[in-house]
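What follows is one structure encoded as structure tokens, with my remarks underneath.
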Amino acid sequence: MKKNLVDITSDKLVKAFLKNKIISSIPNKFSKKLEIANKFRRLCESKINEPVIGFKVGGTALPMMKKLKEKEPFYASIYKRNFLKSGKKVLINKATLGIELEVCYLIKKNFFNLKGIITKKNISRFISHIAPCIEIVGYRQRKKGIKSFGDLSSDFGANVKFLIGKKKKIKNINVKNLKTNLSNVKMDHSINGNTNTVLNSPLDSLKFALNKIKKDKINLNKNFYVFTGSTIGVVPILGKGLYTGKIEKLGSVKVFIKK
């Protein structure tokens, strides 16, 4: 049976994802609108038979959402192959957009047994641990910039690697207004941020993701991570070397960038 354009395109992007290759840009029709981009991403994800360790939330910066006229963020699956411990080396390429510093949560698998929705009142009982993390953001395509959230979502959420710092058991840590910083001492590059830029709070981002996962009837049947979005935006990578992210009360996380 002859394949249609969506199957041909998704096959190419999946191959690029698995082989760490860069392809030409996919047709604009698959990325212009977020709803269509999300469907295309889910098709690509369905073709990957590898362990999923969690999900990322993207597009959580309210000013960016307003600028691009988007109504809500998006989420995407994170695969075990792209999940690293703090301090590991990551090789980047011309399609890499930058680094994000985020709050991530480890969620208990009993979440999947919940019949209703996640609310501010019940969300804490599903949280096991909290940690700082770094996301390396980039495409599998030869394209630059961000014109819509569909650009990011259609390309596996535009995630390249995730690095996680030391996890802490949740003890009523208020994450709504924590100072953050990402720096490269060698490059004399330091960017400050705050967790309140993530949908007002990383906890709001987590609630959004969990309800979307529930709505889409996803069940991993195991504990999983949720990466809630950047506290400082996408920071350009000016050069190779060690980048250190710090989140007040949560700790630090590091990545060594190779070019």
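With the Cα gyration tensor of segment 1-74 in hand, give its eigenvalues times 5 under a square root as the equivalent ellipsoid semi-axes, listed largest first in whole angstrom. Present the calculation step by step, with values, prior to reporting the outcome.
Values: eigenvalues 120, 53, 26 Å².
Taking √(5λ) for each eigenvalue gives 24, 16, 11 Å, largest first.
Hey, what D do you get for segment 79-121 in µm²/s if you plug the Kirkwood alpha-carbon radius into Stokes-Einstein at 10 °C and 1.306 mPa s? Intermediate values should be presented prior to the final figure.
Numbers: Rh = 14.6 Å.
Rounded to a whole number, D works out at 109 µm²/s.
Note that segment 3-18 has calculated 3J(HN,Hα) couplings of 7, 8, 4, 5, 6, 4, 5, 5, 4, 5, 5, 5, 4, 5, 5, 6 Hz, one per residue in order, obtained from phi through the Karplus relation 6.51 cos²θ - 1.76 cosθ + 1.60 (θ = phi - 60°); glycine and proline are x. The spacing between segment 168-235 and segment 17-73, judged by their C-alpha centroids, is 18 Å. Taking amide H positions as modeled 1.01 Å from N, with prolines and chain starts lacking one, the residues under 5 Å from Ile237 and 5 or more places away or on another chain are Ile99. Size descriptors for segment 47-106: radius of gyration and Dmax over Cα atoms are 14.1, 36 Å.
Loop-located trypsin sites (Lys or Arg not before Pro) in segment 151-214 (DSSP state not H, G, I, E or B) with no more than 14 neighbouring Cβ atoms inside 10 Å: Lys166, Lys171, Lys176, Lys186. Listed values for segment 115-132 are Karplus-derived 3J(HN,Hα) couplings in whole Hz (6.51 cos²θ - 1.76 cosθ + 1.60, θ = phi - 60°), namely 8, x, 9, 7, 10, 5, 7, 9, 5, 5, 6, 9, 8, 9, 9, 9, 7, x, and x replaces Gly and Pro. Counted by neighbouring Cβ atoms within 10 Å, the residues Arg81, Arg41 run from fewest to most as Arg81, Arg41. Between Ser46, Ser148, Ser183, the residue with the greatest mean-square fluctuation in the GNM of the chain (Cα pairs under 10 Å linked by springs) is Ser46.
Among the listed pairs Lys39/Lys215; Lys144/Lys240; Lys214/Lys246; Lys3/Lys71, those whose Cα-Cα separation exceeds 22 Å are Lys214/Lys246; Lys3/Lys71. Across segment 91-241, the fraction of Cα-Cα pairs farther apart than 18 Å, rounded to a whole number, is 61%. Of the three principal axes defined by the Cα atoms of segment 38-159, the extents in descending order read 42, 36, 29 Å. Among Val6, Val57, Val137, sorting on how many other beta-carbon atoms sit within 10 Å of each Cβ, with the fewest leading, yields Val6, Val137, Val57. DSSP bridge analysis restricted to the chain gives an antiparallel fraction near 85%, rounded to the nearest 5.
A simple charge model with +1 on the Cβ of Lys and Arg, -1 on the Cβ of Asp and Glu and nothing else charged puts the dipole of the chain at about 480 debye relative to its Cα centre.
Would you compute, from DSSP H runs of 4+ residues alone, the mean residue ellipticity of the chain at 222 nm, taking -39500 (n - 2.57) per run and dividing by the full residue count, rounded to the nearest 500? Before the final figure, lay out each step's value.
Details: 5 runs with 54 residues, N = 259.
Helix-only estimate at 222 nm: -6500 deg cm²/dmol.
Our compactness index for segment 217-259, the C-alpha radius of gyration over the empirical 2.2 N^0.38 Å, is 1.61.
Report, as a whole number in µm² per second, the diffusion coefficient that Stokes-Einstein gives for the chain at 4 °C and 1.567 mPa s using the Kirkwood radius over alpha carbon pairs. It comes out at roughly 70 µm²/s.
Taking the Cα centre as origin and putting +1 on Lys and Arg beta-carbons and -1 on Asp and Glu beta-carbons, what dipole magnitude results for segment 62-188, to the nearest 20 debye? Before the final figure, lay out each step's value.
Values: 30 positive and 8 negative charges, 86 e Å.
Charge dipole, segment 62-188, about its Cα centre: 420 debye, nearest 20.
Amide H contacts of Lys166: Ser252, each under 5 Å away and 5 or more positions distant or on a separate chain (H built 1.01 Å from N in the peptide plane; Pro and chain starts excluded).
Seen from every direction in turn and averaged, the convex hull around the alpha carbons of segment 108-194 projects onto 8.9 nm².
No value in this document is a laboratory result; all are computed from the given coordinates. None of these values were measured; they are calculated from a predicted model. Positions of Cβ are generated from backbone atoms using ideal geometry, with glycine treated the same way; all protein chains shown enter the neighbour counts.
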